[in-house]
Each structure stands twice: as C-alpha cells, then as structure tokens.
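Asks: Pasting a structure here, questions to come.
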Amino acid sequence: MTDVPTLHWPVPSGFPLWNHGEIHVWCAWLDEPSLGFEAAVHSLCAGERARARAFHFDHDRDRFVASRTILRQLLGAYLDHDPATLVFNYGLLGKPALAPPFISWEFNLSHAGPLGLFAVTRGRPVGVDLEPVKDLADLPMLEKQIFPPADLARQQALPGEERRGAFFRRWTEFEAVGKARGVGLDLDAPFSTAHPSSFRLEAIEPCAGYTGAVATSGLAPRLRLFRWTKTALATRGSHTAVTAA
C-alpha cells in the first residue's frame, strides 16, 4: 500500500454549511482501509459498478470505487439526501452532473494515484485537477503546448524543481478550465481558447509533492478547503438542509 501522505487541510469540526459564493474543496486518501470495498461498491449505481469491474488492476478499481463513494457521501451530506439514490447525468465528453431536482448544484472530481479531490458549489461551473509533481522526459515538448510564446523562454530558463512545479501548476489550470467548461483538455487549441480569461483560477496544494487548481466562472469565489474523513460525515447534522433547485 502507498504511504499515507500528510494532508495540509483540516478535518472540519462539523460538516460545513455551504454559503453563497463559496466553493468547498475536499481532499481524500483513496486507499483508506476503513471504507471497505464490498460495502462501498454496493452504494454505487449499476453503471459505476460496471466501470469498477472493467479495471484490470485491483488498486485502480478500489480507488475508483473509493472516489465515487466519497463523492456520493459528500453530495448526500450537502443535499441531505440518500447518497445511493443520487442520479448523475453525463455531458457529451463525460462530465457528470446531478440530475433534477438538484441541477443547481455543481461538482467536479479529480484523482492522482492515492489522492482524490472533490469540489462542490452551487450556481456556477467548477472544475478541478490534481497532479503529482514529477520528472517528465517530454517536458520541453509539453511546455510548448501549454505556454504561450511570450512565456515559454522564461519557463524553460527556470531551475529544475521550480520548472517542474511551474509546469504542473499551468497543466492543472488547463485541465481544471477544460473540466469546468465540460470540454476536456485540448492541447491543439489556441492558448486564449483553451484558457479563456472569463474563468477564474485558484492554485491549491493539499500535500507536499502534489499541486492542483480550481477553475470557475463569475465573481471570485471563496475557497474552503477540507480533509475528508468518515468523522467529518458523522457530523452532517450540523449543517442546515438545503432546498433542491
């Protein structure tokens, strides 16, 4: 099993109340043994269970199940609704969204190995991405694809560790914007198209060695960052039930 990373974000003392203009971002350890695969998989819908069975490696399957289970538990807590009965619709490129009567709520998720990232908000699109900062043999080629010409020389002049960090911060921004828009990552698109100025970006770092980004439109959001544990959900009664859209 992968070593448990030390997560920077706090476990909330009570399940947080969502307020207008906020985006709640949760980081979770997907190899959490207390989830229990057999119990978790039964909380998923038939389509999610089919996707889980399609994974070749057990650890990939278990992390998928964990991420979807945690997502359902979080959304169920915000909506005061049974997680197992939530229904998702999917966009043309696979972006999930809540079906009626909860369509005003927006969410997105990402995972990088053993870490999962979950964003929840209301009334605005949101996208998140999380990546480990690591060596890449094809870094120069990838930099040319995501940095505009005016910034490329400055990027490639950075020392090694700083250069890798700057690259992955920009990469997660592209991924997060693409996911917020529901179009995915298009490295062939012009820089201004793939990274439109109408989207706001916030950099996040849930633990050492990983970097992430949150993208949304509209006014600058207030980010609230939390670490997911089963105890956080145990106090869900501390938040006020919300009204469906």
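Asks: Once the piece of chain linking Thr6 and Asp58 is laid out straight, how much longer is it, given 0.36 nm per residue of separation minus the C-alpha distance between them?
Replies: Roughly 16.3 nm would be gained on extension.
Asks: Per DSSP helix of 4 or more residues, -39500 (n - 2.57); summed, then divided by the residues of the chain. What does that give at 222 nm, rounded to the nearest 500?
Replies: Calculated mean residue ellipticity at 222 nm is -10000 deg cm²/dmol.
Asks: Checking the cross-link filter: which lysines have an alpha carbon closer than 17 Å to that of Lys179, excluding same-chain neighbours under 8 positions apart?
Replies: Lys95
Asks: Once phi is turned into ³J(HN,Hα) by the Karplus curve 6.51 cos²θ - 1.76 cosθ + 1.60 with θ = phi - 60°, what whole-Hz value does each residue of the stretch 62-67 show in order, with x for glycine and proline?
Replies: Values per residue, Gly and Pro as x: 5, 5, 4, 4, 4, 5 Hz.
Asks: Let me ask you something else. What does the charge count near Glu143 come to, summing +1 for each Lys or Arg and -1 for each Asp or Glu among other residues with Cβ under 10 Å from its Cβ?
Replies: Details: positive: Lys144, Arg163, Arg170; negative: Asp138, Asp151.
Neighbour charge sum, excluding Glu143 itself: +1.
Asks: What percent of all Cα-Cα pairs in the chain falls into each 10 Å bin, going from 0 up to the bin containing the maximum distance?
Replies: Going out from 0 Å in 10 Å bins, the chain shows 7, 30, 37, 20, 6, 0 percent.
Asks: Could you check what % of the DSSP bridge pairs in the chain are antiparallel, to the nearest 5?
Replies: Details: 30 of 36 bridges.
Around 85 percent of the beta bridges assigned by DSSP in the chain are antiparallel ones.
Asks: Turning to a different aspect of this structure: Would you pull out the residues with amide H under 5 Å of Ile23's amide H, same chain only if 5 or more places away, H placed 1.01 Å from N?
Replies: Long-range HN contacts for Ile23: Arg222, Leu223, Arg224.
Asks: Work out how much length Ala220 to Glu161 would gain on full extension: take 0.36 nm times their residue separation and subtract the Cα-Cα distance, in nm to one decimal.
Replies: That pair, Ala220 and Glu161, stretches by 18.2 nm at full extension.
Asks: Which length gain, in nm to one decimal place, applies between Glu22 and Leu136 when the Cα-Cα distance is subtracted from 0.36 nm times their residue separation?
Replies: Working it through step by step, the gained length comes to 37.6 nm.
Asks: May I pose another question? In whole Hz and in residue order, list the ³J(HN,Hα) couplings for the stretch 211-227 that follow from phi through the Karplus curve 6.51 cos²θ - 1.76 cosθ + 1.60, θ = phi - 60°; x for Gly and Pro.
Replies: Each residue of the stretch 211-227 in turn: 9, x, 8, 10, 10, 7, 10, x, 5, 4, x, 9, 7, 10, 10, 9, 9 Hz.
Asks: What residues have an amide H closer than 5 Å to that of Cys207, excluding those fewer than 5 places away on the same chain, when H is modeled at 1.01 Å from N in the peptide plane?
Replies: Sorted by chain and number, the residues that satisfy this are His8.
Asks: Oh, and also: So for each of 142-148, 213-219 I average, over its residues, the number of other beta carbons within 10 Å; can you give me the resulting order with the highest mean first?
Replies: Final packing ranking: 213-219, 142-148.
Taken together, the values in this text are just the output of simple stated rules run on the coordinates, not laboratory data. Small disclaimer: the values here were computed from a predicted structure and weren't measured. With ideal geometry, Cβ positions are generated from the backbone for all residues, glycine too; neighbour counts draw on all protein chains shown.
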